[in-house]
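Participant: This is the structure I have questions about; it appears just below.
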Amino acid sequence: PPVKWHDGSDKVAIMLEAWDNKDRWITTVDVDEKTLVTQHRMHDEAWVNYRFNEFGWFDNEETLYLLSEESGYSQLYAKPLEGSLRALTQGNFVVDNVTLTKDDKYFYFKANKKHPGIYEIYRVSADAQGTDSVEQLTDLNGMTDYVLSPNENKLLLTHSKLVSPPELYAMDIQASAEPVKLTSTVSEAFRSIDWTSPSIVAVPSSHSDQPIYSRVYAPQGPQEEKSRAVVFNHGAGYLQNSHLGWSGYFREFMFHSFLVSQGYVVLDMDYRASAGYGRDWRTAIYRQMGTPETQDLKDGVDWLVENANVDRSRIGTYGGSYGGFMTFMALFTEPDLFQAGAALRPVSDWAHYNDPYTSNILNRPDVDPIAYERSSPIYFAEGLTKPLLINAPMVDNNVFFVDVVRLVQILIEKEKEDFETAIYPVEPHGFVQPSSWLDEYRR
């Protein structure tokens, strides 16, 4: 488990997690009594988020700091060994990547405080109460990360925008300081292309008070006819892609620009389970993976028809890994929603996926078989009525190739006709060969 020693004393803190993933303790060690003393316990009825587990010591006092999602969003707290927990930040935004200055005066952090898809750098006084002293340091309106300089008077920033890959900036920490761009790594060939810059829209949700933030790629100007559309499903489940920074899905970004040039509208949704929107958005899929997300895809399709001049009868969907799983679930459980789908490196049965991931969301198959049957596409294959492409790398080191083999056999036994499989004999989960990427996109 993570262990943090206090530099100026004999105190040590240890983080512990429960076997069922529903509790996290930050404890200190009572050396004399040879026991652990609980300083903070966080309980989640679904599962504790593995991402926001930062904790550590103040340098000059015996006080811990920690991140916790107990309010519904990852926020920063201080906990004196002999005192009560104190909130340093509070609000409907996510705090991450915390740095404490050597004099214990400020905490620096990254947060999406002003918009779920915009990440800026902030600092807060270490003796703050709530949100009264949170200070915004950057105003770059994209995706921004930071490193505090060793002398603590500058920030090294990594910043990107929707159509601009990450570049380095330096910024003095003082009032009205402006970031200075240090690098320019994008080629002239890239800049010469008229890339389609997506819009970030808030799609109304029929199942949540929060909207579904989404990227929309659309042709410019009035369209004489209703458009065809493609809905892209991002991977990982717990991932944010509808932000205002450069996407890790840079190949898909280029592919979506190409689709727009062919007259398509493309929708890329941060459906429930996605990162960046708080605990309840994340845990909506507890014991029912694929159901909330498909409901959100339905809202997305309705939005396209009502707002983007899209023909409801000409919408397809695709995605890889978790996005491939989502393609299966949409086509199998809502057969009238899309007219075709492509599932790339997809999960078909969560009971055959890795335990650290699935045990969070679905508990374990021997304890909660209902959750696995409710969440695995292989149990819904009878619902397939539309054309389906399954692309599977044979040496997949994440979603094993046998996942596709088992599902294909089920589809054969159910006498399904309109599906096909493309295999990639030399590829792992993330393709390596450019020829494989080209073949996949052509299909």
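The values are calculated or read from the model by the stated rules, or taken from the named source; none is laboratory data. Since this is a predicted model, take the numbers as computed values, not measurements. Quick reminder, even Gly has a Cβ in these numbers, built from the backbone with ideal geometry, and neighbours come from all protein chains shown. Surface accessibility is based on the protein's heavy atoms, side chains included, excluding ligands, DNA and RNA. Shrake-Rupley method; radii C 1.70, N 1.55, O 1.52, S 1.80 Å.
Participant: Under 14 Å from the Cβ of Ala275, count the other residues' Cβ atoms, weight Lys and Arg +1, Asp and Glu -1, and hand me the total.
Facilitator: For residues surrounding Ala275, the net value is 0.
Participant: Something else about it: Only Cα pairs under 8 Å and at least 6 apart count here; give the relative contact order of the chain as a rounded whole percent.
Facilitator: Relative contact order, the chain: 9 percent.
Participant: Under 12 Å from the Cβ of Tyr286, count the other residues' Cβ atoms, weight Lys and Arg +1, Asp and Glu -1, and hand me the total.
Facilitator: Taking every other residue near Tyr286 into account, the sum is +2.
Participant: Continuing with the same structure: Once ligands and nucleic acids are excluded and a 1.4 Å probe is used, how much of Phe332 is accessible, expressed in Å² to the nearest 10?
Facilitator: 10 Å²
Participant: State the Cα centre-to-centre distance between region 283-303 and region 141-192 in whole Å.
Facilitator: Comparing the Cα centres of region 283-303 and region 141-192, I get a distance of 35 Å.
Participant: Select from region 176-239 those GluC sites (Glu not before Pro) which occupy a DSSP coil region and have at most 11 other Cβ atoms within 10 Å, ordered by residue number.
Facilitator: Filter output for region 176-239: Glu224, Glu225.
Participant: Shape call for region 138-292 from the C-alpha gyration tensor, a ≥ b ≥ c root eigenvalues: rounded (a/c under 1.5), prolate (a/b greater than b/c) or oblate?
Facilitator: oblate
Participant: Let me ask something additional. Would you kindly find the accessible area of Met143, with a 1.4 Å probe and non-protein molecules such as ligands, DNA and RNA excluded, rounding to the nearest 10 Å²?
Facilitator: Per-residue accessible area (Met143): approximately 30 Å².
Participant: Within a Cβ distance under 9 Å of Phe93, other residues only, what is the Lys/Arg minus Asp/Glu net charge?
Facilitator: +2
Participant: Just to be sure I understand: with springs between alpha-carbon atoms less than 10 Å apart, which residue in Phe325, Phe419, Phe431 has the highest mean-square fluctuation in the Gaussian network model of the chain?
Facilitator: Phe431
Participant: Below 8 Å between Cα atoms, with a sequence gap of 6+, how large is the relative contact order for region 346-443 in percent?
Facilitator: Value for region 346-443: 30 percent.
Participant: Please calculate how many Å² of accessible area region 79-231 carries per residue, with a 1.4 Å probe and no DNA, RNA or ligand atoms counted.
Facilitator: For region 79-231, the per-residue accessible area is 51 Å².
Participant: Ok, one more. Keeping every protein chain in place, order Glu45, Glu135 by accessible area at 1.4 Å, biggest value first, i.e. largest first.
Facilitator: So, going from the largest accessible area down, we get Glu45, Glu135.
Participant: Which residue, chosen from Gly341, Phe380, Ala177, occupies the Cα position most advanced towards the positive end of the dipole of the chain, where the dipole is computed from +1 (Lys, Arg) and -1 (Asp, Glu) charges on Cβ about the Cα centre?
Facilitator: My answer, from the dipole projection, is Gly341.
Participant: Given springs between every Cα pair under 10 Å in a Gaussian network model of the chain, which of Asn49, Asn398, Asn241 has the largest fluctuation?
Facilitator: Maximum fluctuation in the GNM of the chain, among the listed residues, is at Asn398.
Participant: Any idea of the accessible area per residue across region 344-401, 1.4 Å probe, to the nearest Å²?
Facilitator: Value for region 344-401: 41 Å² per residue.
Participant: Given a cut-off of 16 Å, what percent of all Cα-Cα pairs of region 357-436 lie beyond it?
Facilitator: Looking at region 357-436, the distances longer than 16 Å represent 61 percent of pairs.
Participant: For the full complex of protein chains and a 1.4 angstrom probe, list Ser436, Ser84 by accessible area with the highest value first.
Facilitator: Ranking Ser436, Ser84 by accessible area, largest first, yields Ser84, Ser436.
Participant: Let me ask another. So which trypsin sites (Lys or Arg not before Pro) in region 1-105 are both in a DSSP loop and have at most 11 other Cβ atoms within 10 Å of their Cβ?
Facilitator: Those that pass, being in a loop and sparsely packed, are Lys34, Lys102.
Participant: What list of ³J(HN,Hα) values in whole Hz, one per residue of region 179-189 in order, does the Karplus curve 6.51 cos²θ - 1.76 cosθ + 1.60 (θ = phi - 60°) give from phi, with Gly and Pro shown as x?
Facilitator: Once θ is set to phi - 60°, the couplings for region 179-189 become x, 10, 6, 9, 10, 9, 9, 7, 6, 4, 4 Hz.
Participant: To continue, here is another question. Taking the Cα atoms of region 235-384 alone, what are Rg (to one decimal) and Dmax (as a whole number) in Å?
Facilitator: My reading of the Cα-based Rg and Dmax gives 15.5, 50 Å.
Participant: Per DSSP H run of n ≥ 4, the term is -39500 (n - 2.57); total these for the chain, divide by its residue number, and report the mean residue ellipticity at 222 nm rounded to 500 deg cm²/dmol.
Facilitator: So the helix-based figure for the chain works out to -5500 deg cm²/dmol.
Participant: Treating the beta-carbon of each Lys and Arg as +1 and of each Asp and Glu as -1, no other charges, what is the dipole magnitude of the chain about its Cα centre, to the nearest 20 debye?
Facilitator: Using only the charged Cβ atoms, the result is roughly 740 debye.
Participant: Please name whichever of Val404, Ala422, Ser257 sits farthest to the positive end of the charge dipole of the chain, dipole taken about the Cα centre and charges placed at Cβ: Lys and Arg +1, Asp and Glu -1.
Facilitator: Ser257
Participant: Continuing with this model, one more query. In sequence order, what are the phi-derived ³J(HN,Hα) couplings for region 359-371 according to the Karplus relation 6.51 cos²θ - 1.76 cosθ + 1.60 with θ = phi - 60°, rounded to whole Hz, with x for glycine and proline?
Facilitator: So the Karplus estimates, Gly and Pro as x, are 5, 4, 8, 10, 6, 10, x, 6, 8, 9, x, 4, 4 Hz.
Participant: Based on Cβ point charges of +1 for Lys and Arg and -1 for Asp and Glu, what charge dipole magnitude is obtained for region 24-68 about its Cα centre, in debye rounded to the nearest 20?
Facilitator: Approximately 260 debye in magnitude.
Participant: Whenever you get a sec, line up Tyr322, Tyr286 from highest to lowest accessible area (probe 1.4 Å, protein heavy atoms).
Facilitator: Putting Tyr322, Tyr286 in descending order of accessible area: Tyr286, Tyr322.
Participant: Tell me which residues come under 5 Å, amide H to amide H, from Asp104 once H is placed; ignore anything under 5 positions away on its chain.
Facilitator: Placed amide hydrogens put Asp59 under 5 Å from Asp104.
Participant: Using a 1.4 Å probe on the protein heavy atoms only, what accessible surface does Glu70 show? Give it in Å² to the nearest 10.
Facilitator: 80 Å²
Participant: Scan around Leu76 for amide H atoms under 5 Å from its own, H built in the peptide plane at 1.01 Å from N, and keep only partners 5 or more places away or cross-chain.
Facilitator: Leu88, Thr89
Participant: Now for a different question. Among Val402, Val203, Val432, determine the one that fluctuates most according to a GNM of the chain built with springs between C-alpha atoms less than 10 Å apart.
Facilitator: Val432
Participant: Of Lys11/Lys102; Lys4/Lys161; Lys22/Lys298; Lys226/Lys298; Lys11/Lys110, which pairs sit farther than 25 Å apart, going by alpha carbon to alpha carbon?
Facilitator: Going by Cα-Cα distance, Lys4/Lys161; Lys22/Lys298; Lys11/Lys110 fall outside the 25 Å limit.
Participant: Using θ = phi - 60° and the Karplus relation 6.51 cos²θ - 1.76 cosθ + 1.60, list the HN-Hα couplings for region 8-24 in order, rounded to whole Hz, with x at every Gly or Pro.
Facilitator: With the stated coefficients, region 8-24 comes to x, 8, 8, 7, 9, 10, 10, 9, 10, 10, 6, 4, 8, 6, 9, 9, 9 Hz.
Participant: With a 1.4 Å probe and every protein chain kept in, tell me what percent of the accessible surface of the chain is carbon plus sulfur.
Facilitator: So the carbon and sulfur contribution to the accessible surface is 51 percent.
Participant: Moving to a separate point now. Take the alpha-carbon centre of region 82-125, take the same for region 1-43, and report the distance between them in whole Å.
Facilitator: 22 Å
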